[in-house]
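Contents: one structure, followed by commentary.
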Amino acid sequence: MFYVIKKNDTKPLPSIVGFEVDKYIATRNSTSVIVEFKHENKPIRRWVDKSEIILLTDDKEFFLQTLEKFKLLHKDEQSLIDQAKHELDMSVENSNNKLNSAIEEFQKQKFEGEYPCILKRL
């Protein structure tokens, strides 16, 4: 049995996935690795770009330790991104509320004041 840790280029933060394979085929001149695993007792082969593979090993303990480190790092970074996104969403909402309030106040004054607006005559 072999173990693979692979990077998925997702936005805004790449994710990490780990899985076990029965076989792999790799050559020095190829940019891909063919991995084989079983699904419903049928062998399935998938091509994986070498640049996406972080680890290919037969050491299960090292695989599990490494995968856990990457998952913890990903979780921490995702938490920071989620917090920043929440703060951005709050800032956008606050800005929208301020702009909408200013527009509403202007709309009221537009018809009561001496603002040069053609719509007042229509």
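The values are calculated or read from the model by the stated rules, or taken from the named source; none is laboratory data. If you're wondering where the values come from, they're calculated on a predicted model, not measured in any experiment. Cβ placement follows ideal geometry from the backbone for every residue including glycine, while neighbour counts extend to all protein chains displayed.
For the range 15-25, filtered to residues that are under 29 Å from the mean Cα position of the chain (by Cα) and among the β-branched types (Val, Ile, Thr), the residue that is surrounded by the fewest Cβ atoms within 10 Å (Cβ to Cβ) is VAL17. When residues in the range 9-21 are screened for being at pLDDT below 90 and not hydroxyl-bearing (Ser, Thr, Tyr), 5 of them pass. Under the condition of being more than 30 Å from SER79 (Cα to Cα) and either surrounded by 16 or more Cβ atoms within 10 Å (Cβ to Cβ) or in contact with a Ser or Thr (Cβ under 9 Å, 6 or more places away or on another chain) (or both), the residues counted in the range 26-55 number 7.
Check the range 54-63 and report whether any residue there is more than 20 Å from LEU13 (Cβ to Cβ), touching a residue at least 24 places away in the same chain (Cβ under 8 Å) and part of a helix (DSSP H, G or I). Yes, the range 54-63 has at least one match. Could you list, in sequence order, the residues of the range 39-49 that are in contact (Cβ under 8 Å) with a residue 12 or more places away in the chain and either more than 20 Å from SER15 (Cα to Cα) or within 21 Å of the chain's Cα centre (by Cα) (or both)? Once the filter is applied, which keeps residues that are in contact (Cβ under 8 Å) with a residue 12 or more places away in the chain and either more than 20 Å from SER15 (Cα to Cα) or within 21 Å of the chain's Cα centre (by Cα) (or both), the range 39-49 yields PRO43, VAL48, ASP49. Looking at the structure I just gave you, is HIS74 over 30 Å from LYS120 (Cα atoms), at pLDDT below 95 and assigned to a helix (DSSP H, G or I)? Against the criterion (over 30 Å from LYS120 (Cα atoms), at pLDDT below 95 and assigned to a helix (DSSP H, G or I)), HIS74 qualifies.
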